[in-house]
Protein chains: 2
Amino acid sequence: MMTANKSEDLRVRRLIEQWALAVRARDIEAVVADHVEDMAMFDVPPPVELRGIDAYRDSWPGFFKWLENESGAFEIVRLDVTAGETVAFATALLRCGTKASLTQDDTARLRLTIGLRKIDGAWKIAHEHHSFPAEQ
Amino acid sequence: MMTANKSEDLRVRRLIEQWALAVRARDIEAVVADHVEDMAMFDVPPPVELRGIDAYRDSWPGFFKWLENESGAFEIVRLDVTAGETVAFATALLRCGTKASLTQDDTARLRLTIGLRKIDGAWKIAHEHHSFPAEQ
């Protein structure tokens, strides 16, 4: 059996919770602080993929404006972390929508998967995949 | 700096390539063979999340029928693997669509993120996240 690494799990969990708080605070420097330079993102809107920290940084201002204008939510409801010594991944469900839409249905429908690498002793986010289920 | 574990990367890469071949062959036993019992999936269609190997198994027959009826593609175009000793994640872009749609546009638009754990010396898939970018 694999032995889960609980102390590393906790470090990764704290990093992701801090990142989500930074998104809610619309603090771009804190949002990008714990990422590798060559990070790759699969975001909700096109394009298919964003590569590099600059493209990642540029993806946030539009979302921050939406958060502010719509009293939007970006709230982690469940977070599961699987960490080894040097590589980790995490999955999360988030409440993400306008205040009006979440009054109608507050289900956590935003799915998030994060891949991390430990570099010089510090966990860094190397990958984010954000999506909603397809409309049917 | 993290030292990439090239031999583990290669083992994970082969496992995922075999899995994609099993999907194309519509071989359900091979598709589910290398997964943990409590795997969790964020799939393209609803629901938001599938949990457990039985729900995962049940998600495939409808897709297999679509593959067959539409001469559909499910082809990995790019696969990046980051593996430690006991935890790994992988990201991939796939060509996935009907023969007719891919004749119009053969861009690899399906994004896939996979999380793996090593159990008793064997890599197992613990998480899959499949999505297309949202329509705009």
Residue that is nearest to the other protein chains (Cβ to nearest Cβ), among those in the stretch B:2-36 that are of a type in the set (G, A, S) and either within 18 Å of B:L112 (Cα to Cα) or part of a helix (DSSP H, G or I) (or both): B:S7
Qualifying residues in the stretch B:63-84 (those that are closer than 22 Å to B:V36 by Cα and out of contact with any strand residue (DSSP E or B) (no Cβ under 7 Å at 6 or more places or on another chain)) - the one nearest to the other protein chains (Cβ to nearest Cβ): B:F63
Residue that is farthest from B:I53 (Cα to Cα), among those in the stretch B:14-24 that are without any contact (Cβ under 8 Å) to a residue 12 or more places away in the chain and open to solvent by 40 Å² or more (accessible area, probe 1.4 Å): B:R14
The one condition in (1) touching an Asp or Glu at 6+ places or on another chain (Cβ under 8 Å); (2) surrounded by fewer than 19 Cβ atoms within 10 Å (Cβ to Cβ); (3) more than 22 Å from B:E29 (Cβ to Cβ) that B:S71 fails to fulfil: (1)
Tally, over the stretch A:25-62, of residues that are surrounded by 14 or more Cβ atoms within 10 Å (Cβ to Cβ), touching a strand residue (DSSP E or B) at 6+ places or on another chain (Cβ under 8 Å) and farther than 21 Å from B:H130 by Cα: 6
Enumeration of residues in the stretch B:77-136 that are of a type in the set (F, W, Y) and surrounded by 17 or more Cβ atoms within 10 Å (Cβ to Cβ): B:F89, B:W123
Residue list for the stretch A:58-91, filter: in contact with a Ser or Thr (Cβ under 8 Å, 6 or more places away or on another chain) and in contact (Cβ under 8 Å) with a residue 40 or more places away in the chain: A:L79, A:G84, A:E85, A:A88, A:A90
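The values are calculated or read from the model by the stated rules, or taken from the named source; none is laboratory data. Owing to the predicted nature of the structure, the values given are computational and were not obtained by experimental measurement. Here Cβ is always computed from backbone atoms with ideal geometry, including for glycine, and neighbour counts include all displayed protein chains. Ligands, DNA and RNA are stripped out before the accessible areas are found, and what is left, the full protein with its side chains, is counted by its heavy atoms. Shrake-Rupley method; radii C 1.70, N 1.55, O 1.52, S 1.80 Å.
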